[in-house]
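Participant: Have a look at the structure that comes next, please.
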Amino acid sequence: MTARIGVVTFPGSLDDRDTRRAITLAGAEPVALWHKDKDLGQVDAVVLPGGFSYGDYLRAGAISRFSPVMESVIEQAKAGLPVLGICNGFQVLTEAHLLPGGMLGNDHLHFICRDQKLRVENAGTAWTGDYRQGQEIHIPLKNMDGRYVADEYTLDKLEAEGRVVFRYLDLNPNGSLRDIAGITNEAGNVVGLMPHPEHAVEPLIGTGRTDGLPFFTSILKKLVNA
């Protein structure tokens with residue numbers, strides 16, 4: 001049976017279609033989910049895509065976190081449902097307290113769009129199993145509020161528990177503390193990151209590489225072998 005991966009669309013989402021295409025290229029079935037619907041349609045995993053969401057003018061993800069669909073996402077994520085948050089999706093995950101910390105405006109106060117070099121720090125999550133720990137990859141990055149912050153206790157805990165999943169290399173594009181580009185929850189089923197793996201799945205787009213495709217093949221293998 002084909003794995004079904006839901007992709008939530010909020011008002012303002014602009015990378016939901018790209019994400020659905022990435023899921024298709026990985027060999028799974030993408031399922032469109034609307035933010036007002038609580039029913040997740042019995043999907044096997046969920047992606048909160050990048051772009052924007054309504055209410056971001058207050059704080060990125062602060063309002064969409066209360067969408068009806070998020071009630072189900074939060075409940076099922078706590079029960080083990082794999083969830084990936086990309087860019088704005090990462091912001092929503094922190095606002096929903098599925099991941100610790102929060103996101104602030106970039107330290108240079110400008111929108112940034114670039115190919116970003118990352119190091120894989122944790123290849124043991126549901127979304128990173130097809131990477132190698134220490135592997136260096138290039139993933140497109142585009143954000144205005146991408147600066148990851150948390151108190152020292154939380155940062156130390158993330159480091160000690162191996163929950164920093166990706167770290168920026170060569171330069172820190174937004175002032176994120178400890179160069180953190182992505183993190184996971186304790187169970188490893190929820191992952192959030194600021195860069196956009198869905199834009200690095202075909203040679204003709206994004207970085208011209210396919211470094212983002214393993215996100216989607218990783219979860220497919222995880223679901224098939226479950």
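Bear in mind that the values in this text are calculations on the coordinates, not laboratory data. Keep in mind the model is a prediction, meaning the values are calculated, not measured. All Cβ positions, glycine included, derive from the backbone under ideal geometry; neighbour counts span all protein chains shown.
Participant: For His97 and Arg17, compute 0.36 nm times the residue count separating them, minus their Cα-Cα distance, and round to one decimal in nm. Display every interim value, and only then the final one.
Facilitator: Details: separation 80, 0.36 × 80 = 28.80 nm, distance 2.59 nm.
Taking 0.36 nm per residue and subtracting the Cα distance, the gain is 26.2 nm.
Participant: Quick one: Karplus J couplings for segment 124-130, per residue in order, coefficients 6.51, -1.76, 1.60, θ = phi - 60°, nearest Hz, x for Gly and Pro?
Facilitator: Going residue by residue, I get x, 8, 5, 10, 10, x, 8 Hz, with x marking Gly and Pro.
Participant: At Asn225 and Ala160, where each label point lies 7 Å from the Cα along Cα→Cβ, what is the point-to-point distance in nanometres?
Facilitator: 3.0
Participant: If each of Asp39 and Leu104 carries a label point 7 Å out from its Cα toward its Cβ, how far apart are those two points in nm?
Facilitator: About 4.3 nm, to one decimal.
Participant: So what is the relative contact order for the chain, in percent, with contacts set as C-alpha pairs under 8 Å and at least six apart?
Facilitator: Numbers: 545 pairs, mean separation 45.8, N = 226.
Relative contact order, the chain: 20 percent.
Participant: Related question: What Kirkwood Rh does the chain have if only Cα atoms enter the pairwise 1/r average? Answer in Å. Can you show the working numbers first?
Facilitator: Details: mean 1/r = 0.0592 Å⁻¹.
Across the chain, the inverse of the average 1/r is 16.9 Å.
Participant: Moving on. When only DSSP loop residues count, what trypsin sites (Lys or Arg not before Pro) in segment 69-139 have their Cβ near at most 12 other Cβ atoms within 10 Å?
Facilitator: Taking segment 69-139 and a limit of 12 other Cβ atoms within 10 Å, the loop trypsin sites (Lys or Arg not before Pro) found are Arg132.
Participant: Using a 10 angstrom cutoff on alpha carbons, build the Gaussian network for the chain and name the most mobile of Gly129, Gly206, Gly41.
Facilitator: The residue with the greatest mean-square fluctuation here is Gly41.
Participant: Restricting to the chain, what percent of DSSP beta bridges are antiparallel, rounded to 5?
Facilitator: Around 55 percent of the beta bridges assigned by DSSP in the chain are antiparallel ones.
Participant: So how strong a dipole does the chain carry about its Cα centre when Lys and Arg Cβ are +1 and Asp and Glu Cβ are -1, to the nearest 20 debye?
Facilitator: 280
Participant: Within the set Lys117/Lys157; Lys36/Lys157; Lys36/Lys78; Lys78/Lys157, which residue pairs have Cα atoms separated by over 27 Å?
Facilitator: Working: Lys117/Lys157 24 Å; Lys36/Lys157 35 Å; Lys36/Lys78 20 Å; Lys78/Lys157 19 Å.
Beyond 27 Å between Cα atoms: Lys36/Lys157.
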